[in-house]
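Notes for the one structure printed next.
Every read-out reported here was derived from the displayed coordinates using simple, explicitly stated rules and does not represent laboratory data. Since this is a predicted model, take the numbers as computed values, not measurements. Here Cβ is always computed from backbone atoms with ideal geometry, including for glycine, and neighbour counts include all displayed protein chains.
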Amino acid sequence: MSEALIAVEAAGTDTTVPAVSGARRFWRRLRAQRAALVAAAVVALLVLVALGAPLLTALEGQDPTTYHPSLIDSARGGVPVGSFGGLGGDHWLGVEPQTGRDLFARLVYGARVSLGVALAATVLQIAIGVAVGAAAALGSRLLDQLLSRATDVIVAMPLMIMALALLAIVPASFPRTVLVTLVIGLIGWGNIAKIVRAQTLALKGLDHVAAARLSGWSTSRVARRELLPGLAAPVITYAALLVPMNISVEAALSFLGVGVKPPTPSWGQMLTAADVWYQAAPQYLLLPAGALFVTVLALTVLGDGVRTALDPRAASRLRVGTGRRDRTGTSSEEATA
C-alpha cells in the first residue's frame, strides 16, 4: 500500500527524483564509521577461521582431540616440554598442559562452537521475540495481556541461574551444543518481544498502515507488507548486539562446567581448564581469553555501528572511528552527500 501511494504521488509530478535504496544509504552511513568497518573485517576473519577450521588444522597436521603425552613433562606436573608451551613448526601455538593436545586446533575449533552457539541462539531469540511481540500488538486485548505477562516473566528470569538449573537436570546423552543453544535462545527472547510490540503499536497508527487495513487487507498481509519492513531496523540492531552477549553467556556456562563438555573444544571450556596454569603455561590462558575478548569487542563495535547506520539520529555510544557529527546527529560525510 505504501509503495502504491508513493507511485501515485510520483506519477502526478513532472520532476523525476532518483531514489536511493535503503541498502545503499545504510552502507554509506556504515562506511563513514571506520571503527565499524575494522570490526566488520575482524568478524569476517573470525567467521572464516571458524568455517575453515578443518582446513587450517589439516595444514598444521594436527587435530583438536589427539593426546601427545611425549610433549608434556610429567615430572613437572604436566607442563609442556620446550619453550613457549611447546610452540614450534608442528604445533603453531604450543600444546595443552597435561594432555598435549594442540592449542591451535582447539582454538579454531572452539571458535566454531562459540560463534555457532551464539548465532543460532540469536536467531532463535529473534524468531520467538518477533512472533510474540507482533502477536501481542496485533491480537486482541486478552491475547496482548497474556503474552505481555509471559514476556515480563521471561525478562524477570535470571538468565544464568535458569540456564545453570536447566543444564544441570538434562541427561548427559543430549547433545550439549544443541542444549546450550536452546537454553540461551528460549530464555533470552523477552527484550526483543517488548521492542517489537512497542514498535508495532507505533507503526499501527501510521497512515499507510491504516489505509491498508481499511482497504480490506488481512492482518497477516498488513504485517508482512507494511509492518515487517518498519521492524527491520530495530530487530537487526538488537540482533547485532545480542551476538556478543550470547558468546559471553556460552563462555560463562562452559567456564562454570555446565556448558559444552570435553573433548569438544570451546573457549569458555579452555578457560576453565587453564585457570590453574596461568603461571606455568600462561599461553594456555591468554589465547582463549584474548580470542574471546577480541570477538566480543569486534561484535559490540559492529553492532553499535549498525545501530547508528540504521538510525542516524542516534549518536554512536562508542566515540571511536566515527565521523564528526553536528547537533542533529548527522555525520559530516552524510551532510556532504
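Quick notes on this structure:
- Principal semi-axes of the equivalent ellipsoid, √(5λ) from the alpha carbon gyration tensor of the chain, are 46, 26, 15 Å from largest down.
- For the chain, the residue among Leu37, Pro229, Thr219 whose Cα projects farthest onto the positive side of the dipole built from Cβ charges is Thr219.
- Relative protection proxy for 111-119, 130-138, 214-222, 228-236, from highest mean packing down: 111-119, 130-138, 228-236, 214-222 (other beta-carbon atoms within 10 angstrom).
- Charge sum, other residues only, whose C-beta stays under 11 Å from Ile236's C-beta, Lys/Arg counted +1 and Asp/Glu -1: 0
- Order by protection proxy (mean Cβ within 10 Å, highest first), peptides 239-250, 145-156: 239-250, 145-156
- Size of charge dipole - the range 134-207 - debye, nearest 20, with Cβ of Lys, Arg +1 and Asp, Glu -1, no other charges: 40 debye
- Net +/- balance of residues flanking Val183 in space, Cβ distance below 15 Å, scoring K and R +1, D and E -1: +1
- Cα-based convex hull volume of the range 114-194 per residue, rounded to whole Å³: 88 Å³
- Note on the range 32-336: dipole from Cβ charges, positive end direction compared against Gln279, Ser70, Val180; the farthest Cα belongs to Val180.
- Taking Cβ atoms as reference points and 13 Å as the exclusive limit, the residues near Leu146 contribute a net charge of +1, counting Lys and Arg as +1 and Asp and Glu as -1.
- Cα-centred dipole magnitude for the chain, charges only on beta-carbon of K, R (+1) and D, E (-1), debye, nearest 20: 860 debye
- Rounded Å value of the spacing that divides the Cα centres of the range 122-149 and the range 231-269: 24 Å
- Ordering Trp189, Trp277 from the fewest to the most neighbouring beta carbons within 10 Å gives Trp277, Trp189.
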